[in-house]
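Please read the structure below before turning to the comments.
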Amino acid sequence: MGRVYLTGAGPGDIELLTVKALRLVREADVIIYDRLANPEILKEAKDGCEFIYVGKEDSHHTLPQEEINEIIYQSALQYDTVVRLKGGDPLVFGRGGEEAIYLKERGVKFEFIPGITSAIAVPEYAGIPVTHRGVTVSFRVVTGHESKNKSHSQIPWENYKTDDTIIFLMGLHRLEYICNRLIEIGKPSDYPVAVISRGTTKDAQTVVGTLDNIYEKAKDLPTPALIIVGQVVKLREQLDWFE
Ligand code: SAH
């Protein structure tokens, strides 16, 4: 029975892979990877390593999670070192916890290998710090992918009246809805927002706007993209360095 490493691949820039993740990629007998994990990383694998693509899209999974769980489990029966490579960090909206529970229930040993999450690194490459002294004292990372039906919303919108930075992952297709909800709870319509597409890569694009105009400006950006709401967005005027 092999061991499964639920491994973060970082946000895109291949050099943002951790030393530990790189070692495991080099040692792996099989690598099960997502759409969001930079495929360049696979070049580091040893000869004969098997690759299994279980690509995930933002709004639909090309493979149901149950099937992915089973593929990882079957790989552990067959190989010694199984690397499950995921974009960013495996436990930030990465379903790494679900995969680990599935393995645990079947007696398979696993390890979590943290990765640099897009939630922090993508704004950072865009020159937007998620916290900044005198501007904001906290940040939240929120799923943008949830029921549109307000009565089923698990997001505590009312708590978002403060000046905390809010980072929405998987939210581009709900951008208009998200901005409207924030205006509804009392944020000014000229409140700063940025959408960052393909952050930390050579295709990175950042669009800056306000709650009432960002949808028109950014709706056609390619995915993956995240939304960042907060006064920290203004710091990009001074801190933009990458694009
Ligand atoms: N576990 C991942 C997040 C998975 S959810 C992490 O820690 O980064 C997938 C969402 O992450 C995407 O819908 C997008 O909102 C965001 N994302 C991931 N990589 C990104 C990138 N390079 N640029 C912009 N957003 C990104």
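A few remarks follow.
- Test result for PRO90, within 16 Å of the ligand (Cβ to nearest atom), modelled with pLDDT of 95 or more, closer than 30 Å to HIS173 by Cα and open to solvent by less than 60 Å² (accessible area, probe 1.4 Å): yes
- Counted residues, region 31-57 - those being open to solvent by less than 40 Å² (accessible area, probe 1.4 Å), farther than 25 Å from PHE242 by Cβ and more than 16 Å from the ligand (Cβ to nearest atom): 4
- Residue within region 231-239 that is modelled with pLDDT of 95 or more, among the β-branched types (Val, Ile, Thr), open to solvent by 40 Å² or more (accessible area, probe 1.4 Å) and within 16 Å of the ligand (Cβ to nearest atom) present: no
- Check on GLU66, surrounded by fewer than 16 Cβ atoms within 10 Å (Cβ to Cβ) and farther than 23 Å from GLU146 by Cβ: no
- Looking across region 101-121 at every residue that is closer than 15 Å to GLY8 by Cα and of a type in the set (Val, Ile, Thr), the one that is nearest to the chain's Cα centre (by Cα) is identified as THR117.
- Residue list for region 1-30, restricted to those being part of a loop (DSSP other than H, G, I, E, B) and within 16 Å of the ligand (Cβ to nearest atom): ALA9, PRO11, GLY12, ASP13, LEU17, THR18
Residues are listed down the side, and each one gets a yes or a no for (1) assigned by TED's automatic domain parsing to the domain that holds ARG95; (2) charged (D, E, K, R); (3) surrounded by fewer than 17 Cβ atoms within 10 Å (Cβ to Cβ); (4) outside any helix (DSSP H, G or I):
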residue: VAL142; (1), (2), (3), (4): no, no, no, yes
residue: ILE167; (1), (2), (3), (4): no, no, no, yes
residue: GLU176; (1), (2), (3), (4): no, yes, yes, no
residue: CYS179; (1), (2), (3), (4): no, no, no, no
residue: GLY186; (1), (2), (3), (4): no, no, yes, yes
residue: ASP190; (1), (2), (3), (4): no, yes, yes, yes
residue: LYS217; (1), (2), (3), (4): no, yes, yes, no
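- Note on region 68-119: residues that are part of a strand (DSSP E or B) and in contact with a helix residue (DSSP H, G or I) (Cβ under 6 Å, 6 or more places away or on another chain) total 7.
The values are calculated or read from the model by the stated rules, or taken from the named source; none is laboratory data. Keep in mind that this is a model prediction, so the values were computed, not measured. Cβ sites come from the backbone with ideal geometry, for glycine too, and all protein chains shown count toward neighbours. Keep in mind that these areas ignore ligands, DNA and RNA; they rest on the heavy atoms of the full protein, side chains included. Shrake-Rupley method; radii C 1.70, N 1.55, O 1.52, S 1.80 Å.
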